[in-house]
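Visitor: The structure that follows is given in the form of structure tokens.
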Amino acid sequence: MKVTKTALEGVLLLEPARFGDARGFFAESWNRKTLLEHGIDMDFVQDNHSMSEAVSTLRGLHFQTPPHAQAKLVRCARGALFDVAVDIRVGSPTYGHWVGYDLSFENGLQLLIPTGFLHGFVTREANTEIAYKCTAYYAPECDRSVRFDDVDIGIDWALSSEPVLSAKDVAAQALRDVDNPFVWEG
């Protein structure tokens, strides 16, 4: 497994080794021992899988507050998507900064997003599936959303058409208006 640091402390790009032959390929998308060797010690308790039918389906920006804050290990199970993490740890030198990576079934890349970060993605192909592990169970009372187009964050989603959004994401607030419990402990 190749692990690459990103411009945001704690957000990592993972590239599992793929072993292929005439039948296809095999890859370990998660292995506790391998990740421990890279200093990653997370207890994942829930796997999520969603499918988006339309290109430009945009989900996010989402996070959960403590005591159910979630770190996520995200991968694309089918199709292609642009995956984004935003640092919302108050006091962090990279507060409000974002990184984004193209994750696809073809490239097999994964993004590790710690707690204290927003997460969102937009689909690049029809019928795209995203699969991700979480370190905390879904808790609706802790679920929060920030606008995907928050001008203070300024994510370049490179949209090819108007985004397809849920009612929750349409109603999301700007980051400055969200009750944010995360503080940088650098």
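What follows is calculated from the coordinates using simple rules that are stated; it is not laboratory data. None of the values given here were measured: they were computed from a predicted structure. Counting neighbours? That spans all protein chains shown, and the Cβs are built from the backbone with ideal geometry, glycine included.
Visitor: Report, ordered by chain and residue number, the aspartates and glutamates lying within cross-link reach of Lys33, taken as a straight Cα distance under 13 Å and ignoring same-chain residues fewer than 8 apart.
Guide: Asp41, Asp43
Visitor: Given the Cα-Cα distance of Lys168 and Tyr137 and 0.36 nm per residue of separation, how much length would full extension add, in nm?
Guide: 9.2 nm is the gain from fully extending Lys168 to Tyr137.
Visitor: Which ³J(HN,Hα) values in Hz, rounded to whole numbers, follow from the phi angles of segment 139-145 under the Karplus curve 6.51 cos²θ - 1.76 cosθ + 1.60, where θ = phi - 60° and Gly and Pro get x?
Guide: For segment 139-145, the Karplus-derived couplings read 9, x, 5, 10, 6, 9, 9 Hz, x marking Gly and Pro.
Visitor: When the C-alpha atoms of segment 101-186 are aligned to their principal axes, what extent does each axis show, in angstrom, from largest down?
Guide: Taking the Cα atoms of segment 101-186, the three principal extents are 36, 29, 27 Å.
Visitor: Please tell me the relative contact order of the chain in percent, rounded to the nearest whole number, where contacts are Cα pairs under 8 Å and at least six residues apart.
Guide: Reported as a whole number, the value is 29 percent.
Visitor: Still on this structure, please answer the following. If you rank Lys72, Lys133 by fewest surrounding Cβ atoms within 10 Å, what's the result?
Guide: Lys133, Lys72
Visitor: Once the Cα gyration tensor of segment 24-80 is found, what semi-axes does its equivalent ellipsoid get, as square roots of 5 times the eigenvalues, in whole Å, sorted largest first?
Guide: They are 24, 20, 9 Å, listed largest first.
Visitor: Between Ala54 and residues 5 or more places away or on another chain, which pairs have amide H atoms under 5 Å apart, with H built 1.01 Å from N, and which residues are they?
Guide: Those qualifying (amide H under 5 Å, at least 5 residues apart or on another chain) are Asn127.
Visitor: Calculated from DSSP H runs of 4 or more alone, at -39500 (n - 2.57) each and per residue, what is the 222 nm mean residue ellipticity of the chain, nearest 500?
Guide: The per-residue figure over the chain is -1000 deg cm²/dmol.
Visitor: Expressed in nm to one decimal, what extension gain is obtained for the pair Glu9 and Glu37 from 0.36 nm per residue of sequence separation less their Cα-Cα distance?
Guide: 8.3 nm
Visitor: Can you give me the long-range amide H partners of Leu61? Hydrogens built in the peptide plane at 1.01 Å from N, cutoff under 5 Å, separation of 5 or more residues or another chain.
Guide: Val146, Phe148
Visitor: Still on this structure, please answer the following. What whole-number value in cubic angstrom gives the convex hull volume per residue for the C-alpha atoms of segment 4-143?
Guide: 114
Visitor: Report the full-extension gain for the segment Ser160 to Asp177: residue separation times 0.36 nm, less the Cα-Cα distance, to one decimal in nm.
Guide: Extra length from Ser160 to Asp177 when fully extended: 3.3 nm.
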